[in-house]
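Chemist: Got a structure here, written out as structure tokens. Questions coming.
The values are calculated or read from the model by the stated rules, or taken from the named source; none is laboratory data. This structure is a prediction, so every number in the text was calculated from the model and none was measured. Cβ atoms come from the backbone with ideal geometry, glycine included; neighbour counts cover every protein chain shown. Ligands, DNA and RNA are stripped out before the accessible areas are found, and what is left, the full protein with its side chains, is counted by its heavy atoms. Shrake-Rupley method; radii C 1.70, N 1.55, O 1.52, S 1.80 Å.
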Amino acid sequence: MATSCTDYNFLQIEPHWQNFWEQNGAFRAENISSKPKFYVLDMFPYPSGAGLHIGHPEGYTATDILARYKRAKGFNVLHPIGWDAFGLPAEQHAVKTGTHPASNTQNNIVNFKRQIKALGFSYDWDREIDTTDPKYFRWTQWIFLQLFQRGLAYVDERPVWWCPELRTVLANEEVVDGKSEVGSFPVERKNLRQWVLRITAYAERLLADLKDVDWPDSTKRMQEAWIGRSEGAEILFDLENKALGQLKIFTTRPDTLFGCTYMVIAPEHSLVEALTTVDNKAAVDAYRKKSAGKSDLERTDLAKDKSGVFSGAYAINPVNGHRVPIWIADYVLMGYGTGAIMAVPAHDDRDFEFALQFRLPIQAVVKPSLEWLGKNGAHLEVEVKIDGKSHTWTYAELIEAASTRDKTLEPRAYEVFSQRVSEFKSVFTDLGAAMNSGALDGLPTLEAKGRITESLEKRGVGKKTINYKLRDWLFSRQRYWGEPFPIVWVSEADYAKAKTIRGATLPPQAVTFKESGVTHYALPLPATALPLALPDVQSYLPSGTGESPLANETAWLEIWCNVETGAAVSASSPRPAGDAWVRGRRETNTMPQWAGSCWYYLRFLDPKNADAFASPEALKYWGAPDLYVGGAEHAVLHLLYARFWHKVLFDLGVVPQAEPFTKLFHQGIILGEDGEKMSKSRGNVVSPDTIIQSHGTDTLRLYLMFLGPLEAMKPWSMQQIEGMHRFLQKVWRELIAADGSVNPKVSATAADSAELTKLLHETIKKVGEKIETLQFNTAISDLMVLANAVQKSPTVNPATALTLLQLLAPFAPHIAEELWARLGATGSIMAAPWPAYDAAKLVITEVKLVFQVNGKHRGDQVVPVGLNEEAALQLARENPKVVPHLEGKTIKRVIYVPGRILNIVVA
RNA sequence: GCCCGGAUGGCGGAAUGGUAUACGCAUUCGACUUAAAAUCGAAUUUCCGAAAGGGAGUGUGGGUUCGAGUCCCACUCCGGGCACCA
């Protein structure tokens with residue numbers, strides 16, 4: 001039933017149809033259906049206090065268009081939404097106001113939901129999820145238990161930002177210019193006990209399986225770089241002081257081992273203390289202290305000046321027995337490789353810089369090409385002996401001679417490189433051939449690598465290894481507002497007791513940590529005891545010790561725990577009867593925001609299931625999302641973490657496919673009218689609410705899609721949006737008369753012109769194809785062209801008008817429903833099958849043939865399709881515009897592309 | 001420094017190797033109106049020209065081709081991401 005307004009009153013029409021859809025459950029997806037499925041997913045939002053910004057509806061409109069189109073095409077469409085609602089801002093708000101983060105979060109959700117509903121998206125609201133709902137995070141905790149059980153979770157000391165003044169741990173974003181964001185107090189790095197997930201165990205598969213997904217190449221490449229696989233060798237260097245054992249290094253260039261003139265270990269390396277000699281101790285201690293205060297970022301910021309300090313100790317190069325000094329420098333990171341390197345200054349930029357700064361020897365061991373030598377050493381002057389006579393040449397001359405006239409000069413060229421390597425303009429880091437390397441001499445780099453690795457391996461001082469930049473995932477936060485870990489810390493004896501009862505659910509190796517000489521054992525709650533809810537706390541302020549506010553909730557924290565059932569009573573109560581009760585302390589860390597978003601796409605399949613995170617039937621029917629749309633800022637972290645969890649679930653046999661997101665698309669950022677990123681401080685933020693009030697959501701949706709290609713970054717324009725509104729007004733006016741009745745030009749007795757009919761069928765074809773490929777901006781152009789044709793036409797057949805509305809419906813669903821109803825069509829436009837085009841109507845009998853002379857457009861003529869070349873050439877030669885260009889010329893060649901061009905090449 | 005994008009009218013942008021600038025915005029003129037808005041019609045890459053017409057033209061320079069915005073090579077500028085990863 002249509003509204004009663006006479007003009008295009010979107011403020012009345014839009015809520016009316018939103019209400020209609022809601023009451024009819026128009027967008028409900030069925031888990032049991034004979035229809036083919038289509039799962040289209042948005043990256044669900046974090047419900048911030050600021051409300052929706054214009055970037056949200058951009059991606060959401062794109063998926064909504066596809067969802068509505070696919071429904072019309074006969075698919076059972078799953079198009080869900082929910083809330084990624086754990087997070088730092090809610091916690092900060094709670095600290096400030098003292099109110100529970102849940103209440104603030106719920107307020108924000110209400111606001112987000114109102115805004116999203118006002119945009120008319122066809123979400124299945126029955127499947128709404130909220131990551132902070134215990135019914136949801138019960139399964140987040142369950143997945144953690146699976147990881148834990150498989151040995152993929154462990155506890156380790158990791159550095160975090162610590163603010164002594166605020167007595168709290170800070171997130172990276174809470175640290176601004178080395179000071180706390182709140183209060184500008186100094187901060188330092190401090191090691192704290194953290195949960196870590198062993199994502200590195202999946203590095204190889206995370207890399208290899210990228211080939212199976214339909215993702216933007218740039219995103220794949222970013223993930224590849226992040227995983228950062230490199231092949232090389234681990235090599236053991238004997239230490240001069242044999243009592244200290246050996247030093248293990250990682251290198252991607254074992255072939256340069258003969259060029260190793262010193263070694264560097266990270267300041268955090270476990271051997272630092274033992275290696276440092278008495279004379280150097282003071283300097284080393286000072287240096288370690290200085291670099292401990294630096295973040296990785298600061299270490300890299302100081303890139304220009306390499307810093308470091310000599311340990312006083314030496315190692316022995318395993319291939320030539322040379323005594324090489326061991327330095328300590330923070331350009332070597334403990335987190336990559338072995339935290340120690342062999343420095344080859346002749347063939348590595350950083351090592352070279354360091355060697356220059358500390359006057360360490362530089363030994364060339366890889367031959368560059370003569371070309372490279374000429375380019376980088378041209379400025380040198382060299383002595384050259386020819387027939388016993390000495391000449392002074394420029395190095396460029398020597399290279400020139402060696403590479404053209406006199407091959408015998410080549411050794412001299414390399415001799416110069418060898419002796420004066422530090423005088424060359426750049427460091428040779430590419431592949432070449434070995435030199436000054438004993439038995440390796442002359443071997444190309446790749447062969448030399450293999451040869452030396454093999455020989456080291458035989459001697460037991462080296463082996464081939466693969467290294468990844470990817471590091472294990474720091475998975476805990478010292479915060480209140482996150483999923484609690486379903487872990488209780490117990491004594492060794494109690495853990496042993498638990499093991500006899502629940503052995504199968506414990507990891508192969510117990511997870512432990514040592515504190516004041518006591519080893520604590522991590523005992524998981526049984527899955528039946530989930531969810532472990534957050535307790536109410538007195539204060540959201542941090543505990544002051546670095547632990548989360550949960551550490552202050554003694555009654556929740558210190559418990560008697562039943563190892564069999566996971567039941568708990570406060571430790572202040574008497575110990576309950578029975579053997580299974582042990583004394584424990586709960587884990588006070590909570591999970592990071594990523595946890596909830598790592599698997600939410602699976603919960604949508606079966607969101608109310610109380611027995612499993614989703615039923616096997618739902619998992620099988622829906623599978624992975626067919627399309628996932630979201631910002632490129634998630635190209636690495638979210639998308640890599642989710643892939644990791646998914647693979648673990650796949651290994652468990654609970655999800656049927658190895659990759660979670662088959663097809664991925666990133667929408668571009670919408671900039672402010674000034675072409676800058678939208679931000680509060682610039683005052684260029686556009687709110688969807690304002691536009692919905694002034695122009696309506698149909699206009700907003702159309703405009704967002706018309707701005708430009710979905711993936712492009714594009715500026716907002718208030719003037720352009722008027723054009724979209726005019727377009728909808730025009731559609732309205734062509735179909736509805738001033739009094740609100742149907743425009744008399746829409747007449748059942750009117751037959752459309754052949755041109756209009758043809759255009760209609762062309763448009764059906766184009767719009768359908770363009771929706772499939774997410775080319776919405778040009779699809780809308782096509783709709784405008786059709787609307788313009790309808791406008792020009794004196795009459796229009798109702799069937800044509802209805803088809804136009806159907807094509808418009810995915811983009812601007814409210815006005816489409818309204819006009820559909822007013823034209824007397826039955827049911828919802830959403831229920832009508834997508835119009836099919838008639839290929840016969842697309843057949844053309846005449847085309848415009850362009851005449852070119854020497855590739856230049858000189859004239860054109862409408863000709864029948866299938867005109868042969870001879871006839872076409874004849875027409876061209878008679879064309880008055882072409883004739884002058886042919887006069888007095890001989891035709892050398894004719895290129896004829898039927899239906900397109902006839903190019904006459906003349907001399 | 002490295003990696004990835006991009007550069008087309010006054011603006012957002014469109015163009016399977018085949019008429020460059022579709023569609024929209026803006027601007028100008030005209031119609032309607034007492035007037036304005038809205039709407040409708042027309043014009044709008046640039047240079048020469050009254051016009052007809054012609055020349056140039058997709059960041060720069062080269063190349064391939066009958067024909068290049070599109071393919072190849074070199075470069076400039078802009079944007080984004082990553083960054084001492086051995």
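Chemist: In this structure, does residue A:217 turn out to be farther than 18 Å from residue A:315 by Cα, under 37 Å from the mean Cα position of the chain (by Cα) and within 16 Å of RNA strand B (Cβ to nearest atom)?
Modeler: So residue A:217 fits the description; yes.
Chemist: Something else about it: If residue A:703 satisfies every condition in (1) open to solvent by 20 Å² or more (accessible area, probe 1.4 Å); (2) over 30 Å from residue A:150 (Cβ atoms); (3) aromatic (Phe, Trp, Tyr) but one, which is the exception?
Modeler: Result: residue A:703 passes all but (1).
Chemist: Counting residues that are touching a residue at least 40 places away in the same chain (Cβ under 8 Å) and either away from RNA strand B (no atom under 13 Å from the Cβ) or charged (D, E, K, R) (or both), which helices (runs of 4 or more DSSP H) fully inside segment A:761-841 reach at least 3?
Modeler: Answer list for segment A:761-841: A:798-808, A:813-822.
Chemist: Collect the residues in segment A:108-123 that are in a helix (DSSP H, G or I) and among the small types (Gly, Ala, Ser), keeping them in residue-number order.
Modeler: A:118 - this is the single residue of segment A:108-123 that is in a helix (DSSP H, G or I) and among the small types (Gly, Ala, Ser).
Chemist: Residues to consider are A:431, A:470, A:446; find the one that is outside any loop (DSSP other than H, G, I, E, B), farther than 24 Å from residue A:567 by Cβ, out of contact with any strand residue (DSSP E or B) (no Cβ under 6 Å at 6 or more places or on another chain) and within 16 Å of RNA strand B (Cβ to nearest atom).
Modeler: A:446 is the lone residue from the list that is outside any loop (DSSP other than H, G, I, E, B), farther than 24 Å from residue A:567 by Cβ, out of contact with any strand residue (DSSP E or B) (no Cβ under 6 Å at 6 or more places or on another chain) and within 16 Å of RNA strand B (Cβ to nearest atom).
Chemist: Would you mind stating whether residue A:336 is assigned to a loop (DSSP other than H, G, I, E, B), aromatic (Phe, Trp, Tyr), in contact (Cβ under 8 Å) with a residue 12 or more places away in the chain and under 30 Å from residue A:463 (Cβ atoms)?
Modeler: yes
Chemist: Run residue A:683 past the list (1) over 19 Å from residue A:799 (Cα atoms); (2) within 16 Å of RNA strand B (Cβ to nearest atom) and report the number of the one that doesn't hold.
Modeler: Unmet condition: (2).
Chemist: Another question about this same structure. Restricting to segment A:598-630, count the residues that are surrounded by 18 or more Cβ atoms within 10 Å (Cβ to Cβ) and assigned to a helix (DSSP H, G or I).
Modeler: 8
Chemist: Mind checking whether some residue in segment A:868-891 is at positive phi and open to solvent by less than 80 Å² (accessible area, probe 1.4 Å)?
Modeler: Scanning segment A:868-891, I find no residue that is at positive phi and open to solvent by less than 80 Å² (accessible area, probe 1.4 Å), so the answer is no.
Yes/no per residue for (1) without any contact (Cβ under 8 Å) to a residue 12 or more places away in the chain; (2) surrounded by 15 or more Cβ atoms within 10 Å (Cβ to Cβ); (3) touching a helix residue (DSSP H, G or I) at 6+ places or on another chain (Cβ under 8 Å):
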| residue | (1), (2), (3) |
| --- | --- |
| A:203 | no, yes, yes |
| A:207 | no, yes, yes |
| A:213 | no, yes, yes |
| A:221 | yes, no, no |
| A:271 | no, yes, yes |
| A:277 | no, no, no |
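Chemist: Moving to a separate point now. Would you check which residues across segment A:743-789 are in contact with a helix residue (DSSP H, G or I) (Cβ under 6 Å, 6 or more places away or on another chain) and of a type in the set (Gly, Ala, Ser) and list them?
Modeler: A:748, A:779, A:787, A:789
Chemist: Contact list please: Cβ distance under 6 Å, first residue in segment A:685-708 and among the small types (Gly, Ala, Ser), second residue buried (at least 22 other Cβ atoms within 10 Å of the Cβ), pairs at least six apart or on different chains.
Modeler: Close Cβ pairs satisfying both conditions: A:696/A:10; A:696/A:14.
Chemist: For segment A:141-160, enumerate the residues that are open to solvent by 20 Å² or more (accessible area, probe 1.4 Å) and in a helix (DSSP H, G or I).
Modeler: A:142, A:146, A:149
Chemist: Within segment A:631-708, considering only helices (runs of 4 or more DSSP H) that don't extend past its boundaries, which have at least 1 residues that are under 30 Å from residue A:505 (Cα atoms)?
Modeler: Once the helices (runs of 4 or more DSSP H) in segment A:631-708 are filtered for at least 1 residues that are under 30 Å from residue A:505 (Cα atoms), what remains is A:637-651.
Chemist: Can you work out which of the residues in segment A:315-355 that are within 11 Å of RNA strand B (Cβ to nearest atom) and aromatic (Phe, Trp, Tyr) is least open to solvent (accessible area, probe 1.4 Å)?
Modeler: For segment A:315-355, the residue satisfying everything is A:354.
Chemist: Whether any residue in segment A:362-374 is away from RNA strand B (no atom under 11 Å from the Cβ), without any contact (Cβ under 8 Å) to a residue 60 or more places away in the chain and either β-branched (Val, Ile, Thr) or open to solvent by less than 10 Å² (accessible area, probe 1.4 Å) (or both) is what I want to check.
Modeler: Among the residues of segment A:362-374, at least one is away from RNA strand B (no atom under 11 Å from the Cβ), without any contact (Cβ under 8 Å) to a residue 60 or more places away in the chain and either β-branched (Val, Ile, Thr) or open to solvent by less than 10 Å² (accessible area, probe 1.4 Å) (or both), which makes the answer yes.
Chemist: Looking only at segment A:253-269, count every residue that is in contact with a Gly (Cβ under 8 Å, 6 or more places away or on another chain), within 18 Å of residue A:348 (Cβ to Cβ) and either open to solvent by 50 Å² or more (accessible area, probe 1.4 Å) or more than 11 Å from RNA strand B (Cβ to nearest atom) (or both) and tell me the total.
Modeler: Final tally of qualifying residues: 1.
Chemist: May I pose another question? Of everything in segment A:844-854 that's near RNA strand B (Cβ under 7 Å from one of its atoms), closer than 16 Å to residue A:899 by Cα and not aliphatic (A, V, I, L, M), which residue is most open to solvent (accessible area, probe 1.4 Å)?
Modeler: A:848
Chemist: Could I ask something else about it? Among the residues in segment A:539-552, are any open to solvent by 40 Å² or more (accessible area, probe 1.4 Å), part of a strand (DSSP E or B), of a type outside the set (Gly, Ala, Ser) and more than 26 Å from residue A:644 (Cα to Cα)?
Modeler: No: zero hits.
Chemist: Filter segment A:234-252 down to residues that are closer than 24 Å to residue A:366 by Cα and surrounded by 22 or more Cβ atoms within 10 Å (Cβ to Cβ) and give me whichever is farthest from RNA strand B (Cβ to nearest atom).
Modeler: Applying the filter and picking the extreme gives A:237.
Chemist: Moving on to the next point. Which condition does residue A:586 not pass, out of (1) at pLDDT 95 or above; (2) open to solvent by less than 10 Å² (accessible area, probe 1.4 Å), if it passes all the others?
Modeler: Status for residue A:586: all satisfied but (2).
Chemist: Here's a follow-up. Report yes if some residue within segment A:488-495 is touching a helix residue (DSSP H, G or I) at 6+ places or on another chain (Cβ under 6 Å) and within 17 Å of residue A:153 (Cβ to Cβ); otherwise report no.
Modeler: Checked against the condition, which is being touching a helix residue (DSSP H, G or I) at 6+ places or on another chain (Cβ under 6 Å) and within 17 Å of residue A:153 (Cβ to Cβ), segment A:488-495 yields no hits at all.
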